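The values are calculated or read from the model by the stated rules, or taken from the named source; none is laboratory data. As the structure is a prediction and not an experimental result, all values here were calculated from the model. No Cβ is skipped: glycine too gets one built from the backbone with ideal geometry, and neighbour counts run over all protein chains shown. Heads up: the accessible areas ignore ligands, DNA and RNA and are worked out on the full protein's heavy atoms, side chains in. Shrake-Rupley method; radii C 1.70, N 1.55, O 1.52, S 1.80 Å.
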Amino acid sequence: MRVAMKMCGLLCIFGACCLTGLEQERRLKQRWLFLREVREMLQFLEKEMTWHRTSLDDALRCAAVGCKTSLGAILLDCAEQVESRCGLSFQEIWRTNVSRDLSPGFLSDTEYQCFLELEMALCGADTVSQKTQLQKFEQRFLGFCESAHVEWKEKGALYRRLSAAAGVAAVILLV
């Protein structure tokens, strides 16, 4: 009975170590998917807002439809607040929703600041400057997306292997 309990404990420790590595890899993948979605959203909004002249709330709502990450919630919340005309500037609406719906540490400081600055491109004064701003941010997020993809591919496998090795080491030490 005592050996079986010890084996169960060792399996739990090993499993926890392996799951830690899988969680780290999942976070890297989610970051890459989020950045990719932001880039795709910027491409979509450029067409919607500059060519179709769609209002900001409708464009945000349409862009949120295809989102699978937390970006969809941010866009929908912003669209609802813009439509309700709650008396806040779009900058305040954007920053409030981003800080509420985006978990801290999910993006790097540079990526987070760039994401906060998107409000400049989303509520441009004229069509030409708005299109230029959207294209500029799309290029920045393309770079972020590519580096996040490389990081996920390289570090994700490393995290899995190292966590499994840590689990084996912990089991050996406890035996």
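Against the test of being out of contact with any Cys (no Cβ under 6 Å at 6 or more places or on another chain), over 29 Å from E151 (Cβ atoms), aliphatic (A, V, I, L, M) and in contact (Cβ under 8 Å) with a residue 60 or more places away in the chain, the options L56, L45 yield a single qualifying residue, L56.
Among the residues of the range 131-166, those identified as within 14 Å of L22 (Cβ to Cβ) and open to solvent by 60 Å² or more (accessible area, probe 1.4 Å) are K155, L158, Y159, R160, R161, L162. Among the residues making up the range 114-130, those that are part of a helix (DSSP H, G or I) and within 17 Å of C145 (Cβ to Cβ) are C114, F115, L118, A121.
Residues in the range 101-113 that are within 17 Å of C78 (Cβ to Cβ) and part of a helix (DSSP H, G or I): D101, Y112. Does the range 65-76 contain any residue that is of a type in the set (V, I, T), closer than 29 Å to R27 by Cα and not in a helix (DSSP H, G or I)? Within the range 65-76, one or more residues are of a type in the set (V, I, T), closer than 29 Å to R27 by Cα and not in a helix (DSSP H, G or I).
Just to be sure I understand, how many residues within the range 96-130 are open to solvent by 20 Å² or more (accessible area, probe 1.4 Å), touching a residue at least 60 places away in the same chain (Cβ under 8 Å) and closer than 20 Å to K29 by Cβ? The total comes to 1.
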